[in-house]
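*Asks:* Got a structure for you, written out below as structure tokens; questions coming shortly.
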Amino acid sequence: MATMARANSGPAYPERFYAAASYAGFDGSPNSNTKDIASRFSNDVALILYALYQQATVGPCNVPKPSSWSPVEHSKWKSWQQLGNMVSTEAMRLFVKILEEEEPGWYSRASNSVSEPVIDVQMNHNSNVEPIIENRNSFAETKIISAENGGLLETQDKDVVSEGLGSIVVYDKWISPPVIGQRPKACYQHGAAVVQDKMYIYGGNHNGRYLNNLHVLDLRSWTWSKVEAKVVPKSVESPSPVNIAPCAGHSLIPWENKLLSIAGHTKVPSETIQGKAFDLQTGTWSVLNTYGKAPVSRAGQSVTLVGTTLVIFGGQDAKRTLLNDLHILNLETMTWNEIDAVGAPPSPRADHAAAIHAERYLLVFGGGSHATCFNDLHVFDLQAMEWSRPTQQGEIPTPRAGHASVTVGENWFIVGGGDNKSGKCLALKSNRRLNMFLDFPGALETVVLNMSTLAWSVVASVEGLVPLASEWFNCVRNAAMEIELLHADQQGM
């Protein structure tokens, strides 16, 4: 069923948000967001607008849960609290989008003057969506709803086509961005990291050959380029440059103005984990000089940044021995420490996913051994130094290894992976303003774990062709541009 949508350029942010908030009735007075607003919008919309307004103007919900039982106050508090750490600018944009869907002509009525040029277009909320024209870009209508699990704002059936990544917002489908420039070689087991508006790809496995190339994708212009990196000498006494050996199965971590490459397999394996750093300002590689007892070399491990430390778990050493040890690298002192944990650790594994919750709990999901894949969930308390295996809620995902993951607030999205049986993709999907790109279509599914409740849910599933490559890719998120980037490459880019 088609409806009419109206777009206009109007003021820029944050002025556009404040104009929309004032029009909706949020003028800052104590009673501005209660009775009058509830009478103008449905209950669900009023609660979302209230939560987004609070998030945009106050920040994340840090007020205690209402002590007295008032359904209205509890609903308002819960709606705000569920937004987690959503940044103010995102809350502003979502507020305006919802208002424009509910009352497309709000700005014209609010300004009480001749508005900017406005174009009416037919909006179809089925599969084929006609675009709105705004500021010479092409947009489609956005519908934002509350998720049943209480942790997300979801969007459905959206397409945006524009110049520059900041305006490309595609949901529920894969897209192939119009990239240009010198692309990386087709590879897997590479490292990927986003710094500001650039995604860096380093190393990887290309038809059995390890790589040491560094490429960067400008997310504003969609332009690939190869970084001609320099290598610094070992020391003044030894002016010959250090050897930056090609590697695969490593982890790439942004830290201050550097990219840290940790672990990974090389043609000539070392006995212990090796690390190197790429200085983004000088364009030079250098070897990380660390202290303490370094862990045994490995690949397929997880490396998680927690404050000023890296937490390394598991992986597979050069002799194909699976590991389940836990180590910490202090990035301020560059000192290694092995954790003497209590409790039952996960079984030895590689190609699992790990995430940090509340700067305290390390979550480890899935991974594989030589014979099987796992779908177990383990939690390590970094304060108590204790492993536990908590009870999970909801439909637990199928076993998988080689999957990617990304956290958004308290939600942990698990993407892709293989089950060691069919070699097929298990999960590839985008949701909630997370826009992932991949250069082939596939059977699409995403699972999400609420890290506070440990409840799993399947975000959505879309049938399609199964991609030939589905393991050992990377998933990174650029929060400033509201984009999640998924890079996977066995067939080419």
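The values are calculated or read from the model by the stated rules, or taken from the named source; none is laboratory data. These figures come from a predicted structure and were not determined experimentally. Heads up, the Cβs are rebuilt from the backbone with ideal geometry, glycines too, and the neighbour counts pull from every protein chain shown. Just the protein is used for accessible areas: all its heavy atoms, side chains included, with ligands, DNA and RNA removed. Shrake-Rupley method; radii C 1.70, N 1.55, O 1.52, S 1.80 Å.
*Asks:* Hey, among Pro64, Pro117, which residue is open to solvent by 70 Å² or more (accessible area, probe 1.4 Å), at pLDDT 85 or above and not in a helix (DSSP H, G or I)?
*Replies:* Details: Pro117 fails: at pLDDT 85 or above.
Exactly one of Pro64, Pro117 is open to solvent by 70 Å² or more (accessible area, probe 1.4 Å), at pLDDT 85 or above and not in a helix (DSSP H, G or I), namely Pro64.
*Asks:* Taking only the stretch 195-207 into account, find how many residues are open to solvent by 20 Å² or more (accessible area, probe 1.4 Å), modelled with pLDDT of 90 or more and under 15 Å from Thr223 (Cβ atoms).
*Replies:* 2
*Asks:* Can you tell me how many residues within the stretch 336-383 are open to solvent by 30 Å² or more (accessible area, probe 1.4 Å), in a strand (DSSP E or B) and without any contact (Cβ under 8 Å) to a residue 40 or more places away in the chain?
*Replies:* 1
*Asks:* Report, by residue number, each residue of the stretch 234-245 that is open to solvent by less than 70 Å² (accessible area, probe 1.4 Å) and either farther than 15 Å from Tyr202 by Cα or at pLDDT 95 or above (or both).
*Replies:* Here is the first cut: in the stretch 234-245, the residues open to solvent by less than 70 Å² (accessible area, probe 1.4 Å) are 235, 238, 240, 242, 244-245.
Across the stretch 234-245, the qualifying residues are Ser235, Ser238, Ser240, Val242.
*Asks:* Next question, about the same structure. For the stretch 266-287, which residues satisfy the criterion of being open to solvent by 40 Å² or more (accessible area, probe 1.4 Å) and either within 26 Å of the chain's Cα centre (by Cα) or more than 12 Å from Ser297 (Cβ to Cβ) (or both)?
*Replies:* Lys267, Leu280, Gln281, Thr282, Val287
*Asks:* Of these, Ile144, Ile98, Ile132, which one is in contact with a strand residue (DSSP E or B) (Cβ under 6 Å, 6 or more places away or on another chain), modelled with pLDDT of 50 or more and under 29 Å from Val408 (Cα atoms)?
*Replies:* Criteria check complete, one pass: Ile98.
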